[in-house]
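No lab work stands behind these numbers, since they all come straight from the coordinates. Quick caveat: nothing in here was measured; it's all calculated off a predicted structure. All Cβ positions, even for glycine, are placed from backbone atoms using ideal geometry, and neighbour counts span all protein chains on display.
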Amino acid sequence: MKRLFSNIKGDAFGGITAGIVALPLALAFGVSSGLGPSAGLYGAIFISFFAALFGGTATQISGPTAPMTAVSMVVIAGIIATNDGDVTKALPYILSVFLLAGLVQVGLGVLGFGKYIKYIPYPVVSGFMTAIGVIILVTQILPSIGYYPKEDTAYVSQFNAEAEEVILQNYLNEDASKRTLVIDDFKQTIIKAEAITTASIDKEAKTIAKAKSSGVLGTLKVLPRALQNINWLELTLALSTIFIVYGFKKITTKIPSALVALVVVSGVAYGFGLGYKPIEEIPSGLPIPNFEIITGFSFSSISPYIFTALTLAMLGAIDSLLTSVVADNMTKTNHNPNKELIGQGIGNSIASIFGGIPGAGATIRTVVNINAGGRTKLSGMIAGVMLLFVLLALGPIASKIPAAVLAGILITVGIGVMDYKGLKAIAAMPKDMKIGPVKLSSEVLIMFIVLVLASVWDLIFAVGIGLVIASLFFMKKIGDLTAQHSDVKPLKEEAWDDEGDFPSDLKEEVFIKHIKGPLFFGSTSDFQQLAKQIPPTAKKVVIRLGRMPYIDQSGLYAMEDVLLDLKRRNIDVLFVDLAKQPRYMMERIDIVPDLIPNQHIFKDFNTCLNWVKSNVKNVV
């Protein structure tokens with residue numbers, strides 16, 4: 001506790017500054033998610049406070065981030081669509097998914113998974129981050145030009161027939177679930193169908209129109225129509241915001257340019273009474289917990305989104321721990337990754353109960369906090385309290401912010417979140433694979449696969465596919481590398497430094513095998529060629545294992561097959577420098593001592609050499 005208050009002045013200034021930076025982004029991410037600005041603000045308040053209080057990085061500032069919002073947007077849109085476009089009806093299920101993601105993060109921290117996050121391949125992360133930028137950029141085109149598909153009557157009317165079909169299907173599904181599908185009750189269904197009103201069709205058509213125009217592909221499909229219906233006032237507000245965000249940085253970086261753009265453009269628009277479209281109203285007063293997500297919990301309703309919740313948890317973990325590394329570098333400290341995951345999970349769980357969108361450690365806000373003097377957990381807690389003050393004191397004023405202003409801010413976020421380092425490196429990456437006559441870089445290919453799939457299809461599956469492909473490429477490379485350095489040759493053709501004194505007259509009786517690298521399922525096929533390469537004159541095979549630190553189950557059985565084959569040919573095998581893990585594995589299935597007796601296992605090559613000189617005779 002004493003340490004918590006050891007830097008009150010610096011932490012207060014850092015927390016307040018970080019909170020100011022977080023304000024426009026929290027509102028923008030809330031609007032982008034589909035739950036409204038209040039959801040972004042609630043997320044920023046609770047995640048910032050509780051992730052700092054329970055986390056493992058002293059200077060971390062947490063809250064809604066671009067990657068977490070992009071995935072949340074997919075969850076929210078999907079659940080709303082399955083609940084007749086009714087946000088109120090869908091909200092408990094949405095928040096249940098967010099709560100599950102937070103609890104998963106706590107579990108990851110408790111189980112000690114924090115240290116494994118660093119093994120996510122960079123091309124997957126690069127493709128994902130660039131896809132996040134593309135998604136934000138493209139999806140903010142429509143609000144930045146003031147076009148909202150569900151408000152375009154002509155566009156919505158195209159879906160009237162489909163809307164009527166959906167309503168009828170819902171009636172049938174409802175009656176089927178009540179087991180009332182008998183002739184008399186079909187008449188009731190028909191009566192309900194005949195009573196369908198124009199208003200209900202129009203409402204459903206608007207829901208369909210919004211769904212059809214969401215995401216990257218939906219936006220691109222409706223873009224030609226949107227460009228014919230540009231609202232020039234909204235476009236001017238968005239462009240002005242973007243101009244100030246980038247232009248004000250050239251004057252000073254001490255004041256957040258996004259906040260300046262928010263205040264200036266919103267002030268001008270409101271002060272001159274311009275007829276702009278404002279954001280949704282932000283409720284005044286303290287946030288109220290939504291206990292329906294616990295009391296009305298239904299596993300069947302969120303089961304389709306369990307994998308999404310896991311992805312949110314993993315993404316938040318990666319996002320937060322990368323920011324923790326940045327904070328460590330700046331403050332010369334060491335964070336606790338597992339404790340950080342627990343803190344993030346608690347913050348996301350509590351935020352979900354109060355209706356907030358999930359978040360993670362935010363790099364820019366953390367850097368601002370450190371530069372402003374923040375050094376302890378108190379700074380992150382103060383940032384959350386500062387945002388709560390804004391909610392209570394300035395909620396009605398914030399509700400007057402133009403939607404186009406937040407769209408402009410998000411466009412700058414989308415541009416900034418892209419991985420330009422990875423994109424610039426494309427030309428320099430080695431072309432290590434061929435597809436037909438074309439040479440490609442496997443890492444660049446992975447990045448583009450993740451980028452394209454995440455942008456136009458599904459963020460979650462894109463990451464999963466990217467990880468699988470990256471793993472396959474890695475296994476192939478390791479397998480090729482192991483095979484390349486493990487050729488079987490007569491000793492005199494391949495001699496290591498300590499093999500120079502080996503008797504030359506035993507060249508036809510003794511062969512040597514060098515295994516350099518792990519023997520795992522990616523390299524077993526090459527290793528199994530060993531028995532076929534050894535000629536009939538061989539009496540002994542020396543396998544040097546000092547550079548084989550690891551063997552998996554596939555490698556273990558490949559080794560057993562080779563040893564059995566050599567035994568059938570009356571060829572003895574000698575092991576040199578067998579490491580602890582491979583020996584343990586071999587002892588479990590009795591390779592040692594049944595196939596390789598302990599007297600044929602040598603600690604070093606010199607000991608093996610002495611044994612060979614004493615026990616192998618030249619038959620020529």
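Percent relative contact order of the range 574-620, based on C-alpha pairs within less than 8 angstrom and at least six residues apart? List each step's numbers first, then the result.
Values: 28 pairs, mean separation 22.8, N = 47.
Computed over the range 574-620, the figure is 48 percent.
With a point put 7 Å past each Cα toward its Cβ, work out how far THR607 is from GLN553 in nm, to one decimal.
3.2 nm
Give me the net charge of LEU262's neighbourhood, meaning all other residues with Cβ under 15 Å from the Cβ of LEU262; Lys, Arg count +1, Asp, Glu -1.
Working: positive: LYS249, LYS400; negative: none.
Once all neighbours under 15 Å are counted, the net charge is +2.
Which distance in nm do the two modelled labels at TYR420 and VAL452 give, with both placed 7 Å along the Cα-to-Cβ direction?
Rounded to a tenth, the inter-label distance reads 2.6 nm.
Contour minus end-to-end for ILE397 and ILE8, with contour as 0.36 nm per residue of separation and end-to-end as the Cα-Cα distance?
Numbers: separation 389, 0.36 × 389 = 140.04 nm, distance 3.02 nm.
So the chain would gain 137.0 nm between ILE397 and ILE8.
On a full-extension model of 0.36 nm per residue, what is the gain between THR198 and ASP84, subtracting their alpha-carbon distance, rounded to one decimal in nm? Show your work: numbers first, answer last.
Details: separation 114, 0.36 × 114 = 41.04 nm, distance 1.58 nm.
Here the segment from THR198 to ASP84 would lengthen by 39.5 nm.
For the range 1-68 and the range 69-124, write down the distance between their C-alpha centroids in whole Å.
Cα centres, the range 1-68 to the range 69-124: 19 Å.
Please report, for the Cα atoms of the range 246-341, the Rg to one decimal and the Dmax as a whole number; what are they, in angstrom?
When restricted to Cα atoms, the range 246-341 yields Rg and Dmax of 21.2, 54 Å.
How much length would be gained if the chain were fully extended between THR333 and LYS431, taking 0.36 nm per residue of separation minus their Cα-Cα distance, in nm to one decimal?
31.4 nm
Treating the angle as unsigned and between 0 and 90°, give the value, to the nearest 10°, between the Cα long axis of helix 553-568 and the longest Cα principal axis of the chain.
20 degrees
What FRET efficiency comes out for the pair ILE589/ASP480, r = Cβ-Cβ distance, R0 = 30 Å, nearest 0.05?
Values: r = 27 Å, r/R0 = 0.90.
Using R0 = 30 Å, I get an efficiency of 0.65.
Just the Kirkwood number for the range 1-138, please: inverse of mean 1/r across all distinct Cα pairs, in Å, one decimal. Don't jump to the answer; show the numbers that get you there.
Details: mean 1/r = 0.0589 Å⁻¹.
Kirkwood radius, the range 1-138: 17.0 Å.
Mind pulling the angle between the C-alpha long axis of helix 122-139 and the longest principal axis of the chain? Nearest 10 degrees, somewhere in 0 to 90.
Approximately 20 degrees, to the nearest ten.
Estimate the FRET efficiency between PHE521 and VAL325 by the formula 1/(1 + (r/R0)^6), using the beta-carbon distance for r and 22 Å for R0, to the nearest 0.05.
On the way: r = 32 Å, r/R0 = 1.44.
Efficiency for this residue pair is about 0.10.
Compute the helix-to-body angle for 337-353: its Cα long axis versus the longest principal axis of the chain, expressed 0 to 90° and rounded to tens.
For 337-353 against the chain, the angle is about 30 degrees.
Neighbouring Cβ atoms within 10 Å as the yardstick, rank LEU111, LEU27, LEU274 fewest first.
Working: LEU111 10, LEU27 28, LEU274 13.
Fewest-to-most Cβ neighbours within 10 Å comes out as LEU111, LEU274, LEU27.
Could you work out, for the range 420-482, what percent of all Cα-Cα pairs fall into each 10 Å distance bin, beginning at 0 Å and stopping at the bin that holds the largest distance?
Pairs per bin, as whole percents: 21, 47, 30, 2.
Averaging over every viewing direction, what projected area does the convex hull of the Cα atoms of the range 505-604 cover, in nm²?
Working: hull surface 23.5 nm².
It is 5.9 nm².
Determine the relative contact order of the chain: mean sequence separation of Cα pairs under 8 Å and six or more apart, normalised by residue count, in whole percent. It would help to have the intermediate numbers written out before the result.
On the way: 1057 pairs, mean separation 156.8, N = 620.
Relative contact order for the chain comes out at 25 percent.
In the structure shown, do any of LYS507/LYS617; LYS250/LYS332; LYS150/LYS400; LYS249/LYS277 have a Cα-Cα gap over 18 Å, and if so which? Show your work: numbers first, answer last.
Numbers: LYS507/LYS617 11 Å; LYS250/LYS332 29 Å; LYS150/LYS400 22 Å; LYS249/LYS277 27 Å.
Over 18 Å Cα-Cα: LYS250/LYS332; LYS150/LYS400; LYS249/LYS277.
What residues of the range 235-278 lie in the reach of a label at LEU227, counting those whose backbone N is under 20 Å from a point 7 Å from the Cα along Cα→Cβ?
235-239
Give the calculated FRET efficiency between GLN528 and LEU220 to the nearest 0.05, with a Förster radius of 56 Å applied to their Cβ-Cβ distance.
Numbers: r = 51 Å, r/R0 = 0.90.
Once the sixth-power term is evaluated, E becomes 0.65.
Could you check the spin-label model distance between ASN371 and LYS277? Points 7 Å from the Cα along Cα→Cβ, value in nm.
3.4 nm
Roughly how many whole Å is it from the C-alpha centroid of the range 574-620 to that of the range 312-361?
50 Å
For the chain, give the share of DSSP beta bridges that are antiparallel, in percent and rounded to the nearest 5; count only bridges with both residues there.
Numbers: 9 of 23 bridges.
Roughly 40 percent of the DSSP beta bridges within the chain come out antiparallel.
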